[in-house]
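Report on the following structure.
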């Protein structure tokens with residue numbers, strides 16, 4: 001059975017990126033040396049799905065950070081081709097994508113973002129788990145995650161971990 005996990009960092013006031021769409025505000029937490037459960041999560045997933053804007057941002061981080069993990073990129077027909085065998089562009093609706101994915105050996109799908117794609121998956125009732133790293137910082141403005149997702153409507157808090165940096169990992173599953 002395929003399980004979709006929305007795994008991302010979020011500010012204390014519900015933003016996933018600053019007003020320019022950047023995530024440099026997360027750098028101060030990365031510099032602590034703590035990985036906040038990332039490696040365990042990453043090792044547990046079979047594939048990744050994200051939107052065009054998130055994909056384009058990931059490309060600015062340096063070498064492809066997800067080798068060996070199939071990455072599905074939702075975008076329009078005009079996406080720039082890539083030689084990366086792990087990347088596949090998706091130009092169908094979410095329901096059709098999920099039907100096709102069911103035929104593949106994917107048990108855990110990381111829904112990386114962005115906000116619009118997460119909201120679309122949410123609206124289709126496809127997210128089984130939220131795994132949030134809640135940062136102790138308020139951005140005040142930026143790219144927000146949809147309020148029903150931030151408020152974990154229809155979900156139950158199943159795990160919470162706090163680090164000295166103030167970061168909290170909160171895991172919610174469908175009730």
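Quick note: the coordinates plus some simple rules give every number you see, no bench work behind them. All of these numbers come straight from a predicted model, not from anything done at the bench. Cβ placement follows ideal geometry from the backbone for every residue including glycine, while neighbour counts extend to all protein chains displayed.
Could you work out, for segment 43-125, what percent of all Cα-Cα pairs fall into each 10 Å distance bin, beginning at 0 Å and stopping at the bin that holds the largest distance?
With 10 Å bins starting at 0, P(r) equals 16, 55, 27, 1.
Quick one: Debye curve from the alpha-carbon atoms of the chain only, equal weights, vacuum; give me log10 I(q)/I(0) at q = 0.19 Å⁻¹ to two decimals.
These q points yield log10 I(q)/I(0) values of -1.48.
Where the Cα atoms of segment 103-145 are projected onto their three principal axes, how long is each span, largest first, in whole Å?
42, 19, 13
Restricting things to alpha carbons, find the Rg to Rh ratio for segment 1-45 using the Kirkwood radius for Rh.
On the way: Rg = 12.8 Å, Rh = 12.5 Å.
For segment 1-45, the value is 1.03.
For the chain, set up a GNM with springs between Cα atoms under 10 Å and report which of 112, 155, 135 has the largest fluctuation.
Looking only at 112, 155, 135, the largest GNM fluctuation is found for 155.
Using only the alpha-carbon atoms of segment 106-175, report the extent along each of the three principal axes, biggest first, to the nearest angstrom.
Sorted largest first, the three principal extents are 35, 28, 23 Å.
Taking neighbour Cβ counts within 10 Å as the exposure measure, how do 92, 134, 49 sort from fewest upward? Show your work: numbers first, answer last.
Details: 92 11, 134 18, 49 25.
Fewest to most other Cβ atoms nearby, the residues stand as 92, 134, 49.
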